[in-house]
Structures are given as structure tokens and as C-alpha cells.
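Here's the structure we're looking at; comments come further down.
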Amino acid sequence: MRPVWCALVMALAVAGCAPGSADETLTVYAAASLTESFTTLADQFEADHPGVDVQVNFGGSSRLAQQIAEGAPADVFASADEAAMDVVARAGRLAGKPATFATNRLTIAVEPGNPMRVNGIADLARDALTVVMCAEQVPCGRAARHLIRDAGITVRPASEEPDVKSVLGKVRAGEADAGLVYVTDVLAENGTVDAVKVPEAAAVANRYPIATIADAVEPSLARDFEKFVLGDRGLRVFKAAGFGSEAGAGS
Amino acid sequence: MSGGESPGKEKHARAVGARVPVALWIPATLALALVTLPVIGLLLRTDFARLPALLTSEASLHALRLSLLTAAISTVLCVLLGVPLAIVLARSRVRGVRVLRAVVLLPLVLPPVVGGLALLYLLGRTGFLGYLIDVTTGVRVPFTTAAVVIAQTFVAMPFLVVSVEGAVRAAGDDFESVAATLGARPWTVFTRVTCPLLLPALASGVVLSFARALGEFGATITFAGSLQGVTRTLPLEVYAQAEADVDSAVALSLLLIVIAIAVIVLARPRAVEGVRG
């Protein structure tokens, strides 16, 4: 019996002192494709605001939007497209108008060295190629379908994943020959996958809106974070990560 | 499992059990609320007017058919492979069987998504077995309906093994010994004596494995992916729909609950018997 109690006490102790004793906690819901950039921005924001703990919940934008619409306790929402933000807006949970902070476009992620010689969007129609992409319910899936339709080809994906990071994971694990992901996802991988340029993707670039949520627990902190993301520091992080800016959308 | 209790004895047991301390009622009520209230929440959220349309959409029908098919195949595999394993685990005197038993229970306690990753790194294109299969036969397991069945069998098998193994132990080997001394061959003893003894436990094991296979999500999406008609079973369809069309996700959830209740109704008498035994 004793080891069990010890384990329990230790578990409680660990749980109790987990993320430190911050005075204020800002809860940010952000698209999966923002994982790297928003982690950096959250760290910078915390450094600027002592006593503030920024908790970022990354996931498929549509799922996050549904959760916020159902009353999830988010202070800020950053979505990978406007359709997901509209879900939150329609539920009446936005405190202000959403502002676009970045754009992103699709690319084809392949194994390093591109062994299957994928040269462009048209190659995705090849039967011998195992292609994965996002499900149509999420922003990267909406953009992918748009892109495929514009190219006038038929793609039979082996799997439709719930978010863009899952698509990337399937390519990285070697299970898929090609995956439609964002250019920023490939850049963040540091060489574990290669990208095939897709010029046509410029026409279906996603715009990333950010907004403060109505009845946020930390409304002023939420607005500060939104300004921070939209400001120069944010711009620099997004540019380094490979995002485009609204002015040069699609460039 | 011990159906041999006299009715009188049973009555006596009930009379004693009737005096439940009042203090237990409060947590018991809470526990019951925890189980039933979410279902009521789902029912309140259901759009009953659109229910038939939502359940008969192409995606829903595909998911339902795929789920029933894969869960049925997985259950058959669980029986074919799990019953012999249960008997070996219960009867074998070989050293190390105790360790084996712990290993067999692994999928029961492992998060399914971990099981899915493990399967992927065994049977995936870069996994050693997957690579071998790919090179020799040209078959790639991930992203196929077969991958769904493997994932479901992996997570559901322990339910059958535990159920049957317990019964084998409880039954002892007296009957088999007698049959053997009367000159029956091992296979005859197995089919004519062992199997009939195990039927109740086998039935409850089958129902539990089927239910587990039907509800499988984590291992499936990790190992098999998600594609309508091929690998997107009902739980995966619910997950996909919850992103966009909540009404549809709720309708499908309701369908899964109805199936679950049917499974419980089927299994209940056996389960109660199991608790008493």
C-alpha cells in the first residue's frame, strides 16, 4: 500500500507546481500551423510581461473555433483561415473585429531528396504516389481542395488528416510520398522533409486572422497580445517562419 | 460463471446486501450522474428533425458499414487467436508465462495512440516487418482497411483473453482430466469438454471485444489514417464532423450510443454472472 501512497503524493506534488505560480494566465487558441511562431511569440510576450503566463492551445482551426463557440475559456483566437474565425463570429463570441496578421500558402512536402520525383501539383494525380492531405473541414484541407480544383486534376488521397501537422507527420514517417502542407511547416522541419514549389498555391493563400474573445478572462492582456502579434515583433517572427504579409499576399 | 448457487442462498445474499450505508448513496449518485448526464446532454443537443437525413448521408453510411465490418472481422480474429492464447496462459506450466500474461494485457492499459504508433513503426513502410512485406509482396499496410482491423484487434484482444483465461482458471481441469483418463484425445477434450465450459465467458469476451473494436479511435487514426469508405470508421467520422457539422457529429454519436446500449443489453446477464462468480 505504501508505494501507492508515495506515488500519489508525488503525482499531486508534481501537478501542483507544474507551470509555476503566474499571477495572470492568458489563454490563446491558435492554429496548428502556428505552433512554432506562436511558441516563440508567447515566450517573448512573457519576457515582456513578468508574472504573465501565456498558455497556447494548438489544434486544427475548425475544432478550436467549435470549442470557442461552445464556450471554451479562450482569451485570444488565431485561426488559419477566415472561415474558422467566422464560426466564432457567428456564435457571437468575438470582442472586436478580427485583424489579419499573416498569410500562408501550400506546398508539397516530400521525403528528403524527393525520391518519387514530384515536380508539381499535377504529379499528385499519379496513381503510384501515396498522397495525404488535410480533411476538407480544416483550413489546410479547404485550401488543398481549392488548389486541386484550380489545377483541374483528380487526387485520390490515402488519408485525410485532422490537421496539417498530422499530414506532415505521415510524410516525415515515410508513410506518405507527398503531403499538402504549408510552406511554413516545411521550413520549421529543418530538413526532415523537402518542399516542392507550387506556384499555383499563391492564388489560394490563406489569411490568418486574430481576435480577442468576448468575455475573456484577461481582456486587457488579450488586447495587448493581439497588438503584439500584429506589431513589428510579430511581423519579424512570421517573416522568419516563412509566412507572407497581408500587403504582399501570395508573394 | 458459477451458475450452481441455490436460489435460497442467492436470496440470503440479497437480503444482507440490501442494507447499504446511507453515506454511500451520495458518491454513488454522483457516479451515476457522471455516467448518465453526458448522454442526456447529447440527447438535448440532437436535432431529431434532421436525424434521419444526417444518419443516412453518404459519409455516415460509409462509416457505419465500415465500422460494423471491421469490428466484426476484428472480433472473429480476437476469438481465433485469443482463445488459444487464453488457454495457454491459464494452463501452461512453462516458466515465463506470468511475464507473457502481463505483456498480453499491454494494449489494455496503453493509450491507443501509442499502440497506433507502435503498429506504424512495425508495419509501416519504414518498419522492419512493413518493409519486408512491401519488398516481398508489394503490399503496404497503412492507409488500408486491413490496418483498421489490425489496430482494432490489437486493442480488443486483451478483453477476450482476460475473460476466457479467468474462466479457464475458475473451471479448473478436473473435467478434462476425467475425460483424458477415459481415453479422450487432447483435441476431443478441447472441443467436447473445454469449449462448452468456456462458452459463457467467451460470449461476454466477444461482446466486450466487439464494443472495444467498434469504439477504437486513437490507434486507427495513427496507424490507418482517415479516409471515407476505407479507414474512416464511425468514431473517426464523428471526430471529423465535429470540426464543421456539429449536428452530424451528434447524430452519429447517438448512433454509437444506441449500438453501445444494445451491446450492454446483450452482454448484461453474462457480466452480472461474472461479477458474482
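The table below gives the values:
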item: Isotropic mean projected area of the C-alpha convex hull, the range B:66-135 (nm²); result: 6.5 nm²
item: Beta bridges per DSSP with both ends in the protein assembly as shown, % antiparallel, nearest 5; result: 55 percent
item: Cut-off 20 Å (backbone N to label point 7 Å along Cα→Cβ of A:E82), residues of the range A:185-206; result: A:201-206
item: The range A:153-251 - Rg and Dmax from Cα coordinates, angstrom; result: 16.7, 48
item: Förster-model FRET efficiency, 45 Å R0, B:A28 and B:V99, C-beta, rounded to 0.05; result: 0.75
item: Per residue convex hull volume, Cα atoms of the range A:19-124, in Å³; result: 151 Å³
item: Sequence of A:E136, A:E246 from largest to smallest accessible area, 1.4 Å probe; result: A:E136, A:E246
item: Descending semi-axes in whole angstrom, ellipsoid equivalent of chain A, from the Cα gyration tensor; result: 34, 23, 17
item: Label zone at A:T39 (point 7 Å along Cα-to-Cβ), backbone N below 16 Å, the range A:60-98; result: A:60
item: Share of pairwise Cα separations in chain B, more than 32 Å, in percent; result: 39 percent
item: Kyte-Doolittle mean at least -1.0 and Cα axial length at least 27 Å: DSSP H helices in chain B; result: B:22-45, B:58-91, B:145-171, B:195-215, B:246-276
item: Per-residue mean of C-beta atoms belonging to partner chains within 10 Å, peptide B:218-231; result: 3
item: With every protein chain in place, the protein assembly as shown: carbon and sulfur % of accessible area (1.4 Å); result: 65 percent
item: Average beta-carbon neighbours from other chains, 10 Å sphere, peptide B:110-121; result: 1
item: Estimated FRET transfer efficiency when R0 is 22 angstrom, pair A:A91-B:R45 (beta carbons, to 0.05); result: 0.95
item: Computed label-point distance, nm, for sites A:D232 and B:R91 using a 7 Å Cα→Cβ extension; result: 8.1 nm
item: Pairwise label distance in nanometres, B:T36 with A:A214, each label 7 Å out on the Cα-Cβ vector; result: 3.5 nm
item: In nm, spacing of pseudo-spin labels at A:H146 and B:L61 (7 Å Cα→C-beta vector); result: 3.2 nm
item: Size of the B/A contact, given as accessible area buried on both chains, probe 1.4 Å, in Å²; result: 1900 Å²
item: Spatially near lysine pairs across the protein assembly as shown, Cα under 22 Å, sequence gap of 8 or more or different chains; result: 6
item: Solvent-free Debye scattering, log10 I(q)/I(0), computed from the Cα coordinates of the range A:106-204 at q = 0.17 Å⁻¹; result: -0.62
item: Per-residue [θ]222 nm for chain B (sum of -39500 (n - 2.57) over DSSP H runs n ≥ 4, rounded to 500); result: -25000 deg cm²/dmol
item: Mean Cβ count within 10 Å, highest first, over the residues of peptides A:40-53, A:160-173, B:163-176, B:35-48; result: A:160-173, B:163-176, A:40-53, B:35-48
item: Cα centroid of the range B:188-224 to Cα centroid of the range B:90-129, whole Å; result: 17 Å
item: For the protein assembly as shown, diffusion coefficient by Stokes-Einstein and Kirkwood Rh (Cα), 37 °C, 0.692 mPa s, µm²/s; result: 124 µm²/s
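The values are calculated or read from the model by the stated rules, or taken from the named source; none is laboratory data. All values reported here derive from a predicted model rather than from experimental measurement. Heads up, the Cβs are rebuilt from the backbone with ideal geometry, glycines too, and the neighbour counts pull from every protein chain shown. To get the accessible areas, we keep the full protein, side chains included, count just its heavy atoms, and leave off ligands, DNA and RNA. Shrake-Rupley method; radii C 1.70, N 1.55, O 1.52, S 1.80 Å.
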